[in-house]
Amino acid sequence: MKTKLIHLLKQVFPSTYSELAVFSFFLICYGTLGTYIALHYRIIFDSRIPWDAYFSFDNKAIVMTGGSFERHPLAYYFFNWIREFSLFISGGKMDTTFRLTLAWLSNIAISLCTVQIFKYLKSIIGLPLNTSLLITLFFGLFSTTIILSFTPENFTYTLLLLSIYNYYAALKLRKEEKIPGSALTLAGITIGGLTITNIVKVFIPILFEKDIFKNWKKLGNAVFRIVLTTVCFVFLYLLRIDFKYENIFSKTNQQYEKFSNVESIPDWDMMLSYFFGGSILFPSFMTTDKHNMKGFDFKGLLMEPYSSPFCYAFIILILAMILWSYLKNFKNKLVQILAISFLFDIVIHCIMRFGLHTAYIYGGHFVFVYPLLLGWLFYAYKSKPKTSSFLTLLMGILFVFLLANNLFRMSDFFQFLETYYQ
């Protein structure tokens, strides 16, 4: 048991000097950003504003309740711990210290997430240190990682848990080992508990265990582990809602109708600007008038579709590289796991159109796939110096553009805070 705990801690936390350097760098950068926002503005947590202050995040509602039970069935318990710990640090007051604690918990979570990406690139894919650092820094500049680094939300911790689980599953599959039932159950409860649809992603690696469809014993064991995880999750879910299961279907249908029938922008533009692009490259912003249904009016911030052809070109180029990586590594089971996981989100948001008009907030469910597939693209050409150099140059150009754009857009974000949330 002690050995397993040590291995788990080594997988989750930095275990080498390079990993510690990556963690420390992002902890300082994100920490500085989150600390400044928490100390000078009230947007991270304002008791009067339950939702939609910026980019449709539900900060206050999530911190207080964990979110709606039909989409976040077990988040209530997790955020009880987050809230009580933050109140303990702040002396029971929901003040600046309370906001600062929430921001730093998010900061630590996203910084650990970048470590998971770095570990995967370095240990699973086996990329050189410089390439691993470049891709990790690229990931660290994504709009999703920047915003979630100070935002107390389900997406913040979902991104961390999915990154940890994908790295863990990759380690197991690389050694041709099965994922233990205990680990699968824990992943199902935590990941699925924060966002119910993500439980499907927990089961995807099982499909690629060695000889799973050639050996009846192994297949039966896999089915048992999946059933065990599902039963435990369903039991805890029903316990959370006092076994009033009929509420699940009515609430889920209401949510789908509410978030899938927006026609203000063409679907293709919402896909590029919001789903694929908004989670990486900030577009311009627009302010909206909001109210909390209790007499308090406030301003919200939303993303607009891209207005520059350079932004569309950036996203199309990234998608082309992702597709290139997938095709080049088609027989690689670890690549297939990432692709299927990403496809699941594409189906939900782009095909079923759930939340497509604000798809940028869902980046915490899938943005970890981008740097990992880019890493596999570099891996495919490790023995071809010219192509490898070309990819490095291309990544360098994309990195500079991403850095310049997102820094510029964050200045707009701070202008919004200065105007409405001091």
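Coordinate-derived values only; no laboratory data. Bear in mind the structure is a predicted one, so any value in this text is a computation, not a measurement. Neighbour counts run over all protein chains shown; Cβ positions are idealised from the backbone, glycine included.
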**Prompt:** How many residues does region 209-238 contain that are over 28 Å from Leu74 (Cα atoms) and touching a residue at least 40 places away in the same chain (Cβ under 8 Å)?
**Reply:** 1
**Asked** So which residues in region 165-207 are polar (S, T, N, Q), within 28 Å of Leu239 (Cβ to Cβ) and assigned to a helix (DSSP H, G or I), if there are any at all?
**Response** Ser182, Thr185, Thr190, Thr197, Asn198
**Message:** Name the single residue that is farthest from Tyr36 (Cα to Cα) among those in region 99-121 being of a type outside the set (Val, Ile, Thr) and more than 20 Å from the chain's Cα centre (by Cα).
**Reply:** Arg99
**helices (runs of 4 or more DSSP H) completely within region 1-115 that count 1 or more residues being β-branched (Val, Ile, Thr) and under 28 Å from Thr131 (Cβ atoms)** = 2-12, 17-40
**Message:** Here is a check on your reading of the model: is Leu338 in contact with a Phe, Trp or Tyr (Cβ under 6 Å, 6 or more places away or on another chain) and touching a residue at least 60 places away in the same chain (Cβ under 8 Å)?
**Reply:** no
**Request:** Would you be able to say whether some residue in region 325-339 is within 23 Å of Phe55 (Cα to Cα) and either out of contact with any Gly (no Cβ under 6 Å at 6 or more places or on another chain) or assigned to a helix (DSSP H, G or I) (or both)?
**Result:** no
**Asked** For region 272-291, does any single residue satisfy the condition of being surrounded by 15 or more Cβ atoms within 10 Å (Cβ to Cβ), of a type in the set (D, E, K, R) and part of a loop (DSSP other than H, G, I, E, B)?
**Response** no
**Any pair with Cβ under 7 angstrom, 6 or more apart, that starts in region 93-107 at a residue that is more than 13 Å from Tyr41 (Cα to Cα) and ends at one that is of a type in the set (S, T, N, Q) and part of a loop (DSSP other than H, G, I, E, B)** = Met94/Ser47; Thr101/Ser90; Ser106/Ser149; Ser106/Thr151; Asn107/Ser149
**Request:** Collect the residues in region 301-315 that are crowded, with 20+ Cβ neighbours inside 10 Å and in contact (Cβ under 8 Å) with a residue 60 or more places away in the chain, keeping them in residue-number order.
**Result:** Leu301, Met303, Cys311, Phe314
**Asked** Can you tell me which residues in region 305-344 are farther than 22 Å from Phe138 by Cα and of a type in the set (Gly, Ala, Ser)?
**Response** Ser307
**Complete:** If we keep only residues of region 364-397 that are in a helix (DSSP H, G or I) and hydroxyl-bearing (Ser, Thr, Tyr), then the residue surrounded by the most Cβ atoms within 10 Å (Cβ to Cβ) is Tyr370
